[in-house]
Amino acid sequence: MTSQKKNGRVGFRLYLITDRHVVKSGDLVAACEDALSAAPSGSVALQLREKDLPANELYELALRLREICTRAGAPLIVNDRVDVAIAANADGVHLPFDSIGVSMARKLLGPTRLIGVSSHSPPDVSGAAREGADFAVFGPIFDPLSKPAAGPVWGASGLSAACRAGAIPVFALGGITPERARELFESADPAAKPAGVASIGAIFAADSPALATSAMLSALR
């Protein structure tokens, strides 16, 4: 089984992950709105990942992004904080590798919200699929644009192995540019293509998040 199988709940191709520290304007909400304005409804999901914010500020930010995502037709995913996701009526959570398990998150979230997981090896993807995750973010594929790599990069061959490891959608993360995204999709085995790509710096550190989003989506078509 491969990640190319559809689970019916993950239709987006681009998974945007926020980092307000790289936004050139300093306004994360405006950058998110700008990025989503360039995306057809359903093609992009937004993960709120501001790990250094206290819970009350994260919640207020989630509420603002909830409105923007609703208008844009984009799922809103909250990193790690299941409580904030529920309180802000987000569409799901993303679980870091050291977070609570998928089964516990599912008990708290119910059956309809999405659960994504961070994975750093093909066995991680396999385990996430067995536990009932809806999708996995796998990487780093290349050296990240927004921060130093924490470990070795996997490259295209490692990504293919991850896509074969479990029957859930896999999103490639780490140093993904439109050119690299196009190459990854064109060179991938048809039976082991990623569902899409995840991006931080390529979008949120760009002069125009809207133009960067449009370029990335064009590369994924």
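Shown is the FRET efficiency for T70 and D98, computed with R0 = 25 Å from the Cβ-Cβ distance and rounded to the nearest 0.05: 0.25. Apply 1/(1 + (r/R0)^6) to the Cβ-Cβ distance of A191 and R9, taking R0 = 22 Å, and write down the FRET efficiency to the nearest 0.05. Rounded to the nearest 0.05, the efficiency is 0.55.
Only Lys, Arg, Asp and Glu carry charge here, each on its Cβ (+1 for the first two, -1 for the last two); on that basis the chain has a dipole of about 660 debye about its Cα centre.
Name the residue from L16, L159, P140 whose Cα lies farthest towards the positive end of the charge dipole of the chain, charges +1 on Cβ of Lys and Arg and -1 on Cβ of Asp and Glu. It is L159, whose Cα lies furthest towards the positive end. In this structure, the amide hydrogen of V78, modeled 1.01 Å from its nitrogen in the peptide plane, lies closer than 5 angstrom to those of L48, G92, V93, H94, counting only residues at least 5 positions away or on a different chain. The 3J(HN,Hα) values that the Karplus relation (6.51, -1.76, 1.60; θ = phi - 60°) gives for the range 179-186 are, in residue order, 5, 5, 4, 4, 5, 4, 6, 6 Hz. Gly and Pro appear as x. Picking from L61, L184, L53, which is most flexible by a Gaussian network model of the chain using Cα springs under 10 Å? Among L61, L184, L53, the largest mean-square fluctuation in the Gaussian network model of the chain belongs to L53.
Along the charge dipole of the chain, pointing to its positive end and built from +1/-1 on Cβ of Lys, Arg, Asp and Glu, which listed residue (L173, P209, L109) has its Cα farthest out? The residue sitting most towards the positive pole is L109. In a reduced charge model with +1 at each Lys and Arg Cβ and -1 at each Asp and Glu Cβ, the range 110-221 shows a dipole moment near 160 debye about its Cα centre.
The length gained by stretching the chain between R182 and S41 to full extension, at 0.36 nm per residue less their Cα-Cα distance, is 48.6 nm. Karplus-based coupling profile of the range 46-58, in residue order and whole Hz: 10, 9, 7, 10, 10, 5, 8, 7, x, 4, 5, 6, 5, with θ = phi - 60° in 6.51 cos²θ - 1.76 cosθ + 1.60 and x standing for Gly or Pro.
Here, each number is a calculation from the coordinates, and none is a lab measurement. A quick note: this is a predicted structure, and the numbers were derived from the prediction, not measured. With ideal geometry, Cβ positions are generated from the backbone for all residues, glycine too; neighbour counts draw on all protein chains shown.
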